[in-house]
Amino acid sequence: MAYVIMVPGLAVRNYLRPSADCLRSHGHDVDLLPPIGWRSVGTDLTDYAQRIARHAVDHGPADLLIGLSIGTQAATLAAIATPAVRRLLLVSPTLDPARRSTAAALRAWAGGEDHRNSPRLSLQAHDWTNAGPGGIYQGLQSAIKVPLETELPRAAEGRPVTVVHADTDLLSPLPFAADIAQRAGARLLVIPDAPHSWPIGDDDRFVALVARLVSER
């Protein structure tokens, strides 16, 4: 089937394990990477993206590179850095201009999500211990400096890009997702009844989307 790399959001990964496992059960080869912010990874988004690009070169090429939340920014920079990424999927892209300050970003992030499938606090807190407050803060500071609206068009050169907006997302607004998709000539998909942390709790639709994307030429 396909080789898929998943890039999680800031300092969290466990919420994506069921989705990665579901892809594997459908025959895909999946690498769910550790997130930016963890002590083992570091907090510089550009360095993190370079590591993702090297991973794609060493293990790929990647049929599909998936970035989720702040992982969308890292995945975009990684795709710019290497042709070893055939397709790019960005889920719940960050950070829109209105949240591109420390106070605004922390306020939005601390507000959390309000959906029945949203990750439990206990699950997220377990991941956060691998980062600590400093790792989370510094990772966020690095992400604030990466504007997707200027970087995504560069990543879209020579590969198809799909941008996904979850329709109950409280952290990443639809106008931002639509704007970056338009600038990059990317496809925009709006997922009904889905939170910022999509595809949590929605593996069937996620697997179907991945199958559709990797089958397209």
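The values are calculated or read from the model by the stated rules, or taken from the named source; none is laboratory data. Note that the structure is a prediction, hence the values are computed from the model and not measured. Cβ coordinates were reconstructed from backbone atoms using ideal geometry, including for glycine residues, and neighbour counts include every protein chain displayed.
Some observations on this one:
- Members of segment 123-163 that are of a type in the set (D, E, K, R) and in a helix (DSSP H, G or I): D127, E149, E151, R154
- Unmet requirement for E216, which otherwise passes all of (1) of a type in the set (D, E); (2) under 19 Å from P8 (Cβ atoms); (3) modelled with pLDDT under 95: (2)
- Here is the figure for segment 164-217: residues that are part of a loop (DSSP other than H, G, I, E, B) and free of Cβ contacts under 8 Å to residues at least 12 places away in the same chain total 1.
- Filter result (aromatic (F, W, Y) and either farther than 15 Å from H196 by Cβ or surrounded by fewer than 16 Cβ atoms within 10 Å (Cβ to Cβ) (or both)) within segment 106-160: W128, Y137
- Those strands (runs of 3 or more DSSP E) of segment 1-99 in which 1 or more residues are more than 16 Å from the chain's Cα centre (by Cα) and free of Cβ contacts under 8 Å to residues at least 60 places away in the same chain occupy 29-32.
- Each residue in segment 90-102 was checked for being at pLDDT 90 or above and loosely packed, with under 15 Cβ neighbours inside 10 Å, and 3 of them qualify.
- Search result, residues across segment 100-122 that are over 18 Å from the mean Cα position of the chain (by Cα) and acidic (D, E): D114
- Selection over segment 56-73 of residues that are closer than 23 Å to L140 by Cβ and either touching an Asp or Glu at 6+ places or on another chain (Cβ under 7 Å) or not small (G, A, S) (or both) gives a count of 6.
- Residue in segment 13-42 that is surrounded by the most Cβ atoms within 10 Å (Cβ to Cβ), counting only those that are at pLDDT 95 or above and in contact with a His (Cβ under 8 Å, 6 or more places away or on another chain): L33
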